[in-house]
Structures are given as C-alpha cells and as structure tokens.
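Everything on this sheet refers to the single structure shown next.
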Amino acid sequence: MIVLMRHARTAGASGRCIGRTPVPLSEAGREQVRQLVTSVGCIKFRRLCTSPAQRAVDTITPMALIHDLQVQTVPELNEIDMGAWDGLPFDEVRQKYPDRYAERGNQFAEFRPPNGESFSDVAARAMPMVERLAQGQRPVLAVTHAGVLRSILCRVTGHPLDDLFHFKPEYVRSVVFRWENDRLTLRAFNVAPDDLSSFVPPVR
C-alpha cells in the first residue's frame, strides 16, 4: 500500500506556471504540516518518501522525527518539468507562446513546453516507482505534487490523460493505492489527514 500526499500549501505560486520552480510553504502551509503530524503520527509507515522539491521535503520532514525514519528522496515523484515556461506568469506564457499555449489546451497528455515534459512523460516515470513502493503490508507515505497525482490517477483508473484536470488533488490530502492482483488499485482519493487512519490498516 502507498499513500500519495500532495505537499502543503505554498506561497508565491498563484497565477504562475509552476513545475520545478522552487516555491516555499506559506504560513497556512506550515500550519497544515503541524496539524499533519498530530493527525497522522499514529500510523506506522514503513517508509517515508518525497519528491526532491523543497515544498515536498518541508511537508514530510517532521513526520520523520516522530517515526524515527529517514526520508528517501525519489526523483520520479518530482513535479512536471515545464521547461522554458517554468516560473513564468501564465499571462506572459500566453503572450509569448500563443499558438503553443492553445495547443497545450487541446492535448494535455502529450504536449511538451520547450525543453520540458508532457504529462505522459510524468506518468511514464512515476508509475513504475509508485508500483514498486506500493508492494508490502505496511504503508508507505510519499509526498508529491498535483501533476504527478493527476497523471497516476488517470493511468490507474483509465480516465483520459487529456482530461487530467478532472482530478483536483488538494493540499495535504492523500490518495490511497493498494497493490492487488499484481496491479495498482485506487482505494480512496482526497483523504483528509484526520480521516487517513480509516483507510490505512493498523499494524498488528
């Protein structure tokens, strides 16, 4: 089993094309992390993993202290690389690349910004790692990003990747996957920290 959680709320990202661009946790995000430790601290995770992005690392690091575990950085869980667009305001992207921006809206799955990734690329790098992490009785907690979560949800459920924004992962909410019959299956989506223990079996 694996619990994939979106990182806590950030500051400075609104209206911008954020993929690999560093953005810090906001004060609200830091409070979410404090509440997360209280809500989820009773669950005995066997591994703690994170995207290399600092916003993800800052979300999961306090969990390592209460579980006495080291956090494993997993590059495959990083957010989509938006290439030349990364960090730019969306208004600027639309002005500089009007045709490419329109193309993106018509084919989210395969579109790549200059020097960047497509969501199909994200799914291809993330899925094998998530499948490996999901195998085992005790759960793994991994902090990642909305783009990764959407891509994986589409692959697992069969929902079209071109319509990945159908899924709306919220900050510090979790997606719970099980490994059953040699494949990843969805158990729960957008689970609040206070409710997570209802979906993760207790350790005997």
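A few comments on the model shown:
- Of all residues in segment 50-70 being open to solvent by less than 60 Å² (accessible area, probe 1.4 Å) and either among the small types (Gly, Ala, Ser) or farther than 26 Å from Gly12 by Cα (or both), the one that is modelled with the lowest pLDDT: His67
- Of the numbered criteria (1) closer than 22 Å to Ala8 by Cα; (2) more than 17 Å from the chain's Cα centre (by Cα), the one Gly147 fails is (2).
- Annotation: of all residues in segment 1-20 being outside any strand (DSSP E or B) and under 15 Å from the mean Cα position of the chain (by Cα), the one that is surrounded by the most Cβ atoms within 10 Å (Cβ to Cβ) is His7.
- Long-range neighbours under 6 Å by Cβ, at least six apart or interchain, first residue in a loop (DSSP other than H, G, I, E, B) within segment 49-72, second surrounded by fewer than 18 Cβ atoms within 10 Å (Cβ to Cβ) and modelled with pLDDT of 95 or more: Pro52/Thr73; Pro52/Pro75
- Residues of segment 4-41 classified as in contact (Cβ under 8 Å) with a residue 24 or more places away in the chain, under 22 Å from Val175 (Cα atoms) and not basic (Lys, Arg), total: 17
- Filter result for Arg47 (among the basic types (Lys, Arg) and surrounded by 19 or more Cβ atoms within 10 Å (Cβ to Cβ)): no
The values are calculated or read from the model by the stated rules, or taken from the named source; none is laboratory data. Note that this is a predicted model, so its numbers are computed, not measured. Virtual Cβ from ideal backbone geometry, glycine too; neighbours counted across all protein chains shown. Note: accessible area is taken over every heavy atom of the protein model, side chains too, but ligands, DNA and RNA are not part of it. Shrake-Rupley method; radii C 1.70, N 1.55, O 1.52, S 1.80 Å.
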